[in-house]
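To start, the structure under review is shown below, and the notes come after it.
The values are calculated or read from the model by the stated rules, or taken from the named source; none is laboratory data. This structure is a prediction, so every number in the text was calculated from the model and none was measured. In this analysis, Cβ positions are derived from the backbone assuming ideal geometry, glycine residues included, and neighbour counts consider all displayed protein chains.
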Amino acid sequence: MATRRELLRWAGWFGMANAALFALVGLRFLGSYPFSADLLGAAYGVLAWIGHFALLGALPVGLLLVPLVLLVPRRAVVTTVGVVVFGLALALLVVDTNVFAEQRYHVTLLTAVLFEPATWAFVALIAGFALVFEALLAGYAWRWVEGARARGGRLLAAALVTCWVGSQLVHIWADAIGHTPVTQLTRYMPLYFPIHAKRTLARWGLVDPAVVERQRLIAKAGAAAEGQLAYPLQPLACTAPAAPPNVLFVLIDALRPDAIDPALTPTLARFRAEGQDFTRHWSGGNSSKAGIFSMFYGLPSTYLEAFYGVQQPPVLVTRMRELGYQLGLFAAPGFTAPTDIERTVFAGIPGLPGERQDVSALQRNRLVTDGWLEWLGRRDPARPFFGFLYYDPPMGEMDAAAAGPLPMDERFTANPEAQRAWRSYRMAIRTSDGEFARVLEDLRDRGLAENTIVVALSDHGYEFDDNGEGYIGHASSFSPAQLRATLLVRWPGRPAAAYTHRTSHYDLPVTLLRDALGCTGDPADYAVGGDLFDGLDWEWIIAGSYNAHAIVDPERMIVTHPGGFVEVRDGEYRPVSGARIDTGRVAAAMAAMRRFYR
């Protein structure tokens, strides 16, 4: 009868043998990887590959086999469980390599619903072979353990831990300075979530801002995308407009459309009445990162990691730069985490203002307006401009008990916590409305209002336990309260109107490229949206979060959570028991999420 010590030694060696096997099978993931001659990138790739697959081999041992040995120290039980667990893991990895090679995404429960019966038979066959192989490997591991009392396991474990730690340290540094030969590897490895710490390194003085800026502005920024991204699918067909209009984005974080009220936000309410109001507008995500990505790229945020890894800007910004637009960019939360737009939307653009930590959140918002007014006064008036003003309503600095009655006090009274948050929220967006008033007044005073497309919008919504499910805030569910976004436009030459068809952030870059920047090609070559003014409802959209996404239609949502768990919810984000997943809808969504990969 094996002792606990022997069982633990066997579990450790069996796990490491499988780690080596996983790493060998996983080499197929690199079939489409754009290898670089960069020495750091090559070293990181080796360390990350060894460390990550060692971790995948160690997790089943640490989480399952070690507790099992301690509770049921029987060789037959431990060996059987180990063979089954690693056999299934090996089969899943083999299937994942095949799916990734063909579709450029990893297997989840959502993608598995698309498997045909023949595919499931193939999966079963692979699982059968994997179980037989694991049984043989388990026997060999026992002979290895029984052949000698010491095999150098501790040294091997130390070396593997060193590889994992080393790879994470390299990634932390490379991510902080935007070194793409390192960061572009992430999406190629299954279940790989490297550590990010840009803000921490900057705060500790461990990265030089000048180095970060220089690396970010490498002339080849985005060139590495040629190896993994096909974006756009075809070069844009464009002609230069005779007089390109100015374009100004005023982004107010988490601004709900139904929070705009003449008594609370008079500037926004008046702007809505005088311009084009898209009353059924949805974001491409419930987080700032996903929402902003969708509004500039017109693509699902499932692409975000790839674009971030190679610092590929959207064609909307690229087209503006081709036309000579001057860029006035100001953001109260900064351009780094959590949105990371200095590595995506505005990759390769010099002079992005750094995040201000020496002033209050309220003051940071005022500085956005101050910086914009100063920049507008010194720009070249002979060239068009694009402005991006990103306000972050300072809810945390609002004293909910300090003010008197506010408009819409009667809402969300069933939940005291939600009501307190609702009060702070309204006080905060009132300050953003005041900043917006300064911006519009200055445009009028300078005579720029008549040739400037002004877009007032939010990155996502904000929930106050709207449906009694307990959600307060954002990035926590895909409810309409978190996905419904504000989109108000004042487009010179267009009449004031309230548009009631379903629109989304995905439509915004298409509309600007076609109607303002002279591009006539097929929008499907660079986006998944259409023109805001075409009057067509979207049938479904893909909404992203930080680590989840959902396929949303007006009646149903198919939600994929971290770890691959999938559930179906109704249009108000309430669970639907026994609902069948629409495989046709899933297939269409998956096609959209892989269209721009090579």
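A few comments on the model shown:
- When the criteria are applied in full, A449 meets the requirement of being touching a helix residue (DSSP H, G or I) at 6+ places or on another chain (Cβ under 9 Å), without any contact (Cβ under 8 Å) to a residue 60 or more places away in the chain and at negative phi.
- Residues in segment 497-532 that are over 24 Å from the mean Cα position of the chain (by Cα) and either closer than 24 Å to A254 by Cα or crowded, with 24+ Cβ neighbours inside 10 Å (or both): A497, A498, Y499, T500, H501, L517.
- Unique residue being touching a strand residue (DSSP E or B) at 6+ places or on another chain (Cβ under 6 Å) and either assigned by TED's automatic domain parsing to the domain that holds R426 or closer than 30 Å to A263 by Cβ (or both) when the list is A402, A331: A331
- Identity of the residue in segment 63-73, over 18 Å from M16 (Cβ atoms) and touching a residue at least 40 places away in the same chain (Cβ under 8 Å), that ends up surrounded by the fewest Cβ atoms within 10 Å (Cβ to Cβ): L70
- Candidate set: segment 88-132, residues that are out of contact with any Pro (no Cβ under 8 Å at 6 or more places or on another chain) and acidic (D, E); chosen: the one farthest from R598 (Cα to Cα): E116
- Residue within segment 406-421 that is modelled with pLDDT of 95 or more, of a type outside the set (K, R), surrounded by 20 or more Cβ atoms within 10 Å (Cβ to Cβ) and under 16 Å from V250 (Cα atoms) present: no
- Helices (runs of 4 or more DSSP H) wholly inside segment 46-115 that include at least 3 residues being not hydrophobic (A, V, I, L, M, F, W, C): 75-103
- Test: residue in segment 1-9 that is in contact with a Phe, Trp or Tyr (Cβ under 7 Å, 6 or more places away or on another chain) and assigned by TED's automatic domain parsing to the domain that holds E102: no
- Scanning segment 277-318 for residues that are part of a loop (DSSP other than H, G, I, E, B) and buried (at least 24 other Cβ atoms within 10 Å of the Cβ) returns S283, G284, N286, S287, G298, L299, P300, Q311, Q312, P314.
- Some residue of segment 450-458 being closer than 22 Å to G396 by Cα and touching an Asp or Glu at 6+ places or on another chain (Cβ under 8 Å): yes
- Exclusive hit being within 20 Å of G15 (Cβ to Cβ), in a helix (DSSP H, G or I), out of contact with any His (no Cβ under 6 Å at 6 or more places or on another chain) and not β-branched (V, I, T), set L169, L131: L131
- Some residue of segment 68-82 being closer than 21 Å to V107 by Cβ and not hydroxyl-bearing (S, T, Y): no
- Scanning segment 407-443 for residues that are under 16 Å from R256 (Cβ atoms), of a type outside the set (A, V, I, L, M) and in a helix (DSSP H, G or I) yields a total of 11.
- Pairs, first surrounded by 18 or more Cβ atoms within 10 Å (Cβ to Cβ) in segment 165-178, second of a type in the set (K, R) and part of a helix (DSSP H, G or I), C-beta under 6 Å, six or more apart: A176/K198; G178/R216
- Set side by side, the residues R598, R580, R556, R585 differ, and just one is free of Cβ contacts under 8 Å to residues at least 60 places away in the same chain and under 27 Å from A101 (Cβ atoms), which is R585.
- Identity of the residue in segment 74-118, under 30 Å from M1 (Cα atoms), free of Cβ contacts under 8 Å to residues at least 12 places away in the same chain and among the aliphatic types (A, V, I, L, M), that ends up surrounded by the fewest Cβ atoms within 10 Å (Cβ to Cβ): A76
- Any hit, segment 15-30, residues being over 23 Å from A130 (Cβ atoms), in the same structural domain as V182 (by TED's automatic domain parsing) and within 36 Å of the chain's Cα centre (by Cα): no
- Residues of segment 374-386 include at least one that is in a strand (DSSP E or B), farther than 19 Å from D175 by Cα and in contact (Cβ under 8 Å) with a residue 12 or more places away in the chain.
- Matching option when the condition is assigned to a helix (DSSP H, G or I) and farther than 30 Å from V559 by Cα, among L30, L24: L24
- Among the residues of this structure, L233 does not count as one that is assigned to a loop (DSSP other than H, G, I, E, B) and modelled with pLDDT under 95.
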